[in-house]
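In what follows, a structure is listed as structure tokens, so that the remarks can point back to it.
Quick note: the coordinates plus some simple rules give every number you see, no bench work behind them. As the structure is a computational prediction, the values presented were derived from the model and not from experiment. FYI the Cβ positions are ideal-geometry reconstructions off the backbone, even for glycines, and counts take in every protein chain you see.
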Amino acid sequence: MWKKEDAKPMGAPERPSAPVVMPPSTHPVSSHRDAPAAPTPASSHATACISQGIRIKGEITGSEDLFVDGPIEGKLNLANGSLTVGPNGTVKADVVAREVIVRGRVEGKIQGRERVQLWSTGQVIGEIQTQRLAIEDGAVLRGKVETGKPIDRAGDDRGSAVAMAGKTSVPAGTATI
């Protein structure tokens, strides 16, 4: 049987008004001891996460890495960040990022400045523009792909526009500056 005297720590002075505080590791009932510790961000550029229970329609912009495992519709612009579409993620958007990893489904135009990677569970329907493209066995890709370094057409268009300035007719699809 439990007695009040048995609960007192050995050698502790008897002061009924002051509670005895024990460290969390030795506390007999601690609600936060068994719970997993909350992850602390390693830096200010910690990964942001959009889980399955969140639905976003609109434009997402940012500079952090982003993990998407839910539905997104609209535009997604992570200029210097990385986008990972999780296995449950469905993205119907034009995507601009430094790196794009697809484990779920993406419909739209993907511009991965450095790299685009399609895992075996990934599906892309649309366009991909990137320097490097990796596709695992089982991945689905339907659409247009442009890989390698982008061609600098600005210099070519300006040269042809200057040459055309003296002419009276301009072919369709070109502009005179």
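Odds and ends about this structure:
- The calculated pair-distance distribution of region 56-131 uses every alpha carbon pair, bins of 10 angstrom beginning at 0, and gives 23, 64, 12 percent.
- By other beta-carbon atoms within 10 Å, ranking Thr61, Thr121, Thr130 with the fewest at the front produces Thr61, Thr121, Thr130.
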